[in-house]
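Asker: Structure provided below as structure tokens; questions to follow.
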Amino acid sequence: MNNVTTSVVSRQAPGQHHGPLVAVKDLEVSFRTLGGSVSAVRGMSFDIWPGETVAIVGESGSGKSTTATALINLLPSNGRIGAGSITIDGREMVGLSQDQMASVRGKLVGYVPQDPMSNLNPVWSVGFQVEEAVRANGLAHTRKEIKARAVEVLKEAGLADADRRMKQFPHQFSGGMRQRVLIGIGLAADPKLLIADEPTSALDVTVQKTILDHLDTLTRENHTAVLFITHDLGLAAERASKLIVMHRGKIVEAGPSVELLQDPQHPYTKSLIAAAPSLASRRIRGASASDDGGTTLDMARLAAHHHGTAEELHVSDAPVSIEVKNLTKVFSIRKGGFRTESLTAVDNVSFTVRKGSTLALVGESGSGKTTAARMILGLEPPTSGDIVVGGTNLNGISRKGMFNLRSRMQPVFQDPYASLDPQRSIGAIIAEPLKVHAVGDRPTRVARVKELLDQVSLPQAIAQRYPNELSGGQRQRVAVARALALKPEVVVLDEAVSALDVLVQAQVLQLLADLQEDLGLTYLFITHDLAVVRVVADEVAVMENGKIVETGTTDEIFANAQKPYTQRLLDAIPGSGIEWAP
């Protein structure tokens, strides 16, 4: 497989392409730190042609997002381009002032950032923020035209009931809905190039398909080029014509996507492919259940090892750890003035999770998965129904009783940026549950923090750093470490691995399997990634519009889904029809 080659773009007039739309040559990016200059991108060269979709993949810290932000001069204040050239639409980007870049961003290059909560202002309505983007890009002029275009932008991004949603605020949206708002803003001005940094990591597979089908339409009809930054190899293979693999700031391999995934040449690319879960995988087990001590990251090999054996977990024989009976949650939504309307988010839901097993709760954004989880965690009061955790009914439980229960039940939330205190060090964040529940003294807490950092594959030195200094994947690993600090009986994982690249994801999934086997942990695993469900869950409950529409063992659901809605979820999984490298 050859590395990406770069051809020099002649200085033709903008828009007159006899070469690539984007030409990056010998790009060098570094960051100033207290310890000196750190090189983040080294000798990066690649082209993107009009209408072409290119995906950059690699683990957290490999330089993917740094490359994307360098293209439009959105590097942090301590970042700088040390050498190289970036030409977009015949215009050199390196050296342009911020005022000059303002004419590039939006109209020429659209940008969809990775973290929706930190990129939407929490005190402004969603509609106001979309209207600001429409106004800034000169897409409409009168107030009526601006609002109409803003509603259209949200509809194009796949947001249902866009007119009503305009009045709501970011905290009233799910993670997937917030990401759709950013995608809509990025596409608002019909740019020639769209840079999408993990654009669908927070989206369920059916909405992801809607968004990506829309991007495909733009590519075909408007010759819009797309640069994907993604850790989803299935998505990269299905949607991108060219794949660039980055490792430690350099391109290690590049070429046609399907060809590269079917015949990788570089050892790092092979490791990425081996670690990716697929529909052919089987439930992974703890270290004592693996023939190599649980150290492998090869999901395909694990599938072959477990398939057809008698090693499956008999969850029906275990006692019930979580029991949910007729659970309902109704929200009141303001319609303006004193008028309200009712929204049933969870509708008469019942399920059980047996001790030492994993139940995956799956469904589209807004199906009620996270609301159900918040009620189980005691963070949201149910309208009606019963929740019993470890024999304790949450109905009427005292504050002290709930406090004690939380030492046995811990969450990992979807958005690590929102769940980690930006003013506290990583070490203090991980140690917080130990301190709150008066577990150990300071030296033992420090030792436990180091142990947890090792378990989630983070260097111990990171304990002195702060959340804003970490990548999205690193922040999620910190959230996992914090949840495991008290060695709980039950862990509720809300999209716990959606922000992780495949190598770290495989490590965390194996870690969760090891801990489950060693400690008898019970997991409620909420996710939109059905490939991950295949390797992590014993049983699956499918939610649609607040109701559970189908339940069964993981093998039953994946082999013989009964409901059309479940089948649509399975059919929408990216890369499921591609034959990967053996």
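Asker: Do you know which of the residues in the stretch 518-536 that are over 17 Å from residue 480 (Cβ atoms) and over 16 Å from the mean Cα position of the chain (by Cα) is surrounded by the most Cβ atoms within 10 Å (Cβ to Cβ)?
Answerer: Only one residue fits best here, namely 534.
Asker: Out of the residues in the stretch 336-369 that are of a type in the set (Ser, Thr, Tyr) and within 20 Å of residue 554 (Cα to Cα), which is surrounded by the fewest Cβ atoms within 10 Å (Cβ to Cβ)? Before you say what the answer is, go through the steps one by one.
Answerer: Taking the stretch 336-369 and keeping what is of a type in the set (Ser, Thr, Tyr), we get 340, 342, 344, 350, 352, 357-358, 365, 367.
Filter once more, so that each one left must be within 20 Å of residue 554 (Cα to Cα): 350, 352, 357-358, 367.
Numbers: 350: 14, 352: 17, 357: 22, 358: 26, 367: 25.
Among them, the one singled out is 350.
Asker: Considering only the stretch 30-65, state which residues are without any contact (Cβ under 8 Å) to a residue 60 or more places away in the chain and not charged (D, E, K, R). Show your work before the answer.
Answerer: The first filter runs over the stretch 30-65 and keeps only residues without any contact (Cβ under 8 Å) to a residue 60 or more places away in the chain, leaving 30-38, 47.
If the condition is that a residue be without any contact (Cβ under 8 Å) to a residue 60 or more places away in the chain and not charged (D, E, K, R), then 30, 31, 33, 34, 35, 36, 37, 38 are the ones that fit.
Asker: Another question about this same structure. Taking residue 152 as the residue in question, decide whether it is under 30 Å from residue 422 (Cα atoms), surrounded by 14 or more Cβ atoms within 10 Å (Cβ to Cβ) and either over 28 Å from the mean Cα position of the chain (by Cα) or of a type in the set (Asp, Glu) (or both).
Answerer: Spelling it out, it is not the case that residue 152 is under 30 Å from residue 422 (Cα atoms), surrounded by 14 or more Cβ atoms within 10 Å (Cβ to Cβ) and either over 28 Å from the mean Cα position of the chain (by Cα) or of a type in the set (Asp, Glu) (or both).
Asker: Same structure, new question: What are the residues in the stretch 158-176 that are assigned to a helix (DSSP H, G or I), without any contact (Cβ under 8 Å) to a residue 60 or more places away in the chain and not aliphatic (A, V, I, L, M), if any?
Answerer: Hits for the stretch 158-176 are 163, 164, 165, 170, 171, 172.
Asker: Let me ask something else about it. Taking the stated definitions as given, is residue 179 part of a helix (DSSP H, G or I), crowded, with 23+ Cβ neighbours inside 10 Å, not hydrophobic (A, V, I, L, M, F, W, C) and not assigned by TED's automatic domain parsing to the domain that holds residue 69?
Answerer: So residue 179 passes the test.
Asker: Residues 233, 215, 243: which one is outside the structural domain of residue 565 (by TED's automatic domain parsing) and either over 30 Å from residue 370 (Cα atoms) or more than 20 Å from the chain's Cα centre (by Cα) (or both)?
Answerer: Result of the check over 233, 215, 243: 243.
Asker: With the requirement that a residue be acidic (Asp, Glu) and under 27 Å from residue 567 (Cβ atoms), what does the stretch 319-378 give you? I'd like the intermediate steps shown before the answer.
Answerer: Within the stretch 319-378, the first condition is being acidic (Asp, Glu), and the residues that meet it are 323, 341, 347, 364.
Result: 347, 364.
Asker: Residue by residue through the stretch 391-420, note down the ones that are in contact with an Asp or Glu (Cβ under 7 Å, 6 or more places away or on another chain), farther than 21 Å from residue 355 by Cα and either outside any loop (DSSP other than H, G, I, E, B) or charged (D, E, K, R) (or both).
Answerer: Hit for the stretch 391-420 is 417, nothing else.
Asker: Follow-up question, since we're still on this one. Limited to the stretch 101-140, what total is found for residues that are among the hydroxyl-bearing types (Ser, Thr, Tyr) and modelled with pLDDT of 85 or more?
Answerer: Of the residues in the stretch 101-140, 2 are among the hydroxyl-bearing types (Ser, Thr, Tyr) and modelled with pLDDT of 85 or more.
Asker: If we keep just the residues of the stretch 556-582 that are of a type in the set (Asp, Glu) and at pLDDT below 90, which is surrounded by the fewest Cβ atoms within 10 Å (Cβ to Cβ)?
Answerer: Let us first name the residues in the stretch 556-582 that are of a type in the set (Asp, Glu), namely 556, 571, 579.
From what is left, the residues that are at pLDDT below 90 are 571, 579.
Values: 571: 13, 579: 8.
Applying the filter and picking the extreme gives 579.
Asker: Something else: Scan the stretch 203-223 and tell me whether some residue there is in contact (Cβ under 8 Å) with a residue 60 or more places away in the chain, hydroxyl-bearing (Ser, Thr, Tyr) and not in a helix (DSSP H, G or I).
Answerer: Scanning the stretch 203-223 turns up no residue that is in contact (Cβ under 8 Å) with a residue 60 or more places away in the chain, hydroxyl-bearing (Ser, Thr, Tyr) and not in a helix (DSSP H, G or I).
Asker: Which residue pairs have Cβ atoms closer than 7 Å, lie 6 or more positions apart in sequence or on different chains, and pair a first residue in the stretch 452-466 that is within 21 Å of residue 501 (Cα to Cα) and hydroxyl-bearing (Ser, Thr, Tyr) with a second residue that is assigned to a helix (DSSP H, G or I) and modelled with pLDDT under 90?
Answerer: These pairs meet every condition: 457/477; 457/504; 457/507.
Asker: Can you pull out the residues in the stretch 208-256 that are in contact with a Lys or Arg (Cβ under 7 Å, 6 or more places away or on another chain), at pLDDT below 90 and farther than 20 Å from residue 569 by Cα?
Answerer: If the condition is that a residue be in contact with a Lys or Arg (Cβ under 7 Å, 6 or more places away or on another chain), at pLDDT below 90 and farther than 20 Å from residue 569 by Cα, then 224 is the only one that fits.
Asker: Quick check on my filter: what residues within the stretch 435-492 are among the hydroxyl-bearing types (Ser, Thr, Tyr) and more than 28 Å from residue 119 (Cβ to Cβ)? So that I can check it myself, show each step before the final result.
Answerer: As a first pass, look at the stretch 435-492 and keep what is among the hydroxyl-bearing types (Ser, Thr, Tyr): 444, 457, 466, 471.
Hit for the stretch 435-492 is 444, nothing else.
Asker: List the number of the failed condition for residue 99; all other conditions in (1) free of Cβ contacts under 8 Å to residues at least 12 places away in the same chain; (2) under 28 Å from residue 212 (Cα atoms) hold.
Answerer: (2)
Asker: Something else about it: Could you list all residues from the stretch 220-231 that are in contact with a Leu (Cβ under 9 Å, 6 or more places away or on another chain) and either of a type outside the set (Val, Ile, Thr) or more than 22 Å from residue 59 (Cα to Cα) (or both)?
Answerer: 223, 224, 225, 227, 228, 231
Asker: Now, a different point. In the set 258, 245, 226, 207, which member is touching a His at 6+ places or on another chain (Cβ under 8 Å) and either farther than 24 Å from residue 69 by Cβ or among the hydrophobic types (A, V, I, L, M, F, W, C) (or both)? It would help to see each step written out before you state the result.
Answerer: Numbers: 258 fails: touching a His at 6+ places or on another chain (Cβ under 8 Å); 226 fails: touching a His at 6+ places or on another chain (Cβ under 8 Å); 207 fails: touching a His at 6+ places or on another chain (Cβ under 8 Å).
After ruling out the rest, the residue left standing is 245.
Asker: Tally the residues that are in contact with a Lys or Arg (Cβ under 9 Å, 6 or more places away or on another chain) and closer than 18 Å to residue 139 by Cβ, restricting the search to the stretch 164-207.
Answerer: The qualifying residues number 8.
The values are calculated or read from the model by the stated rules, or taken from the named source; none is laboratory data. Keep in mind that this is a model prediction, so the values were computed, not measured. With ideal geometry, Cβ positions are generated from the backbone for all residues, glycine too; neighbour counts draw on all protein chains shown.
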